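Peer 1: Shown below is the structure under consideration.
The values are calculated or read from the model by the stated rules, or taken from the named source; none is laboratory data. Owing to the predicted nature of the structure, the values given are computational and were not obtained by experimental measurement. So basically every Cβ, Gly included, is an ideal-geometry build from the backbone, and we count neighbours across all protein chains shown.
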Amino acid sequence: MWYGYRSEDGDSTKKDVGDTTAAGIPFKIDLWQAGGEVDAIELGVAASAHDGLHMNTIHVLRPARRSRTTLAPGLVLETWPEAGHSSSRSPRP
């Protein structure tokens, strides 16, 4: 379920239960640099399927440390510096 893109806070308890698709529907994920500063990059994230756009959001990544954005319940985008380029540790395989 994609909740929040076309829903208001609290809608899950009203008539709008969020934006859903059937199980097994493939999504196309687009990523692009949406902006940035010296210490941060704004990464645009869009998720679409054959039935339309389901999410369009921003993930702020930090070149020198890990960043984490919860896109939907159970769906997390996490970025980190390349090993050897920061004191941050890359995730284990």
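Peer 1: Quick check on the stretch 54-77. Is at least one of its residues at pLDDT 85 or above, more than 16 Å from the chain's Cα centre (by Cα) and exposed (fewer than 12 other Cβ atoms within 10 Å of the Cβ)?
Peer 2: No; the residues of the stretch 54-77 include none that is at pLDDT 85 or above, more than 16 Å from the chain's Cα centre (by Cα) and exposed (fewer than 12 other Cβ atoms within 10 Å of the Cβ).
Peer 1: If I go through the stretch 22-39 residue by residue, how many of them are on the phi < 0 side of the Ramachandran plot and part of a loop (DSSP other than H, G, I, E, B)?
Peer 2: The qualifying residues number 7.
Peer 1: Now for a separate question. Answer yes or no as to whether ALA47 is of a type in the set (Gly, Ala, Ser) and either modelled with pLDDT of 90 or more or in a loop (DSSP other than H, G, I, E, B) (or both).
Peer 2: No, not satisfied.
Peer 1: Another question, if that's okay. Return the pairs, sorted by first residue and then second, in which the second residue is of a type in the set (Phe, Trp, Tyr) and in a strand (DSSP E or B), the first residue lies in the stretch 48-63 and is within 28 Å of GLU37 (Cα to Cα), the beta carbons are less than 8 Å apart, and the residues are 6+ apart or on different chains.
Peer 2: HIS54/TRP2; MET55/TRP2
Peer 1: On the basis of being within 14 Å of the chain's Cα centre (by Cα) and either at pLDDT 90 or above or β-branched (Val, Ile, Thr) (or both), does ILE25 make the cut? Lay out the reasoning, then the answer.
Peer 2: On the way: within 14 Å of the chain's Cα centre (by Cα): no; either at pLDDT 90 or above or β-branched (Val, Ile, Thr) (or both): yes.
Judged against the criteria, ILE25 is not a match.
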